[in-house]
Amino acid sequence: MKFDDLYNTILNEVKASPAQFSGTPVTPVGNFANRPLDIEPGYDAIQNTINQKLAAKPKTVKQYDKGQNSPYTRGEFDSYNRHPKRPHYYIKVGDGPEHRRVEEEDMTPEEIEAYNAGFEANEKARDWRQF
């Protein structure tokens, strides 16, 4: 493979996954740190790109409580049943089967975020009830 082809291949991989590419130079490792003098000048740039991709940390996905009647689950449920997006959830009251609805104005920002994440996850999955 010619140098230009290799460079373009790696460049396209980086462009396809920018979240995995930090853009911060890293120290060459292993045999690449002591490259022979007869290798083309662009070799270091390609190896540096490879090292950056290897050193990049994967993006972490926020985890939400997905228990029954949690804000996340209520968001999924509303999306599944094609209800409008209105953040809310239910809390159990006492030992009986009663639940109290917690409206958006009484929810914390984290609870609203969890509801919206559940709603959007179901919308993205396109998992809707068939009427």
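The values are calculated or read from the model by the stated rules, or taken from the named source; none is laboratory data. For clarity, every value in this text was computed on a predicted model and none was experimentally measured. Note: ideal-geometry Cβ built from the backbone for every residue, glycine included; neighbour counts use all protein chains shown.
Would you pick out the residues in region 89-119 that are under 15 Å from Tyr64 (Cβ atoms) and either surrounded by 14 or more Cβ atoms within 10 Å (Cβ to Cβ) or touching a strand residue (DSSP E or B) at 6+ places or on another chain (Cβ under 9 Å) (or both)? The answer is Tyr89, Met107, Glu111, Ile112, Glu113, Ala114, Tyr115, Asn116, Ala117, Gly118, Phe119. Taking the conditions exactly as written (outside the structural domain of Glu13 (by TED's automatic domain parsing), at pLDDT 90 or above and under 30 Å from Glu13 (Cα atoms)), does Glu76 satisfy them or not? No: the conditions fail for Glu76. With respect to Asp44, is the statement that it is modelled with pLDDT of 65 or more and over 29 Å from Phe131 (Cα atoms) true? It is false that Asp44 is modelled with pLDDT of 65 or more and over 29 Å from Phe131 (Cα atoms).
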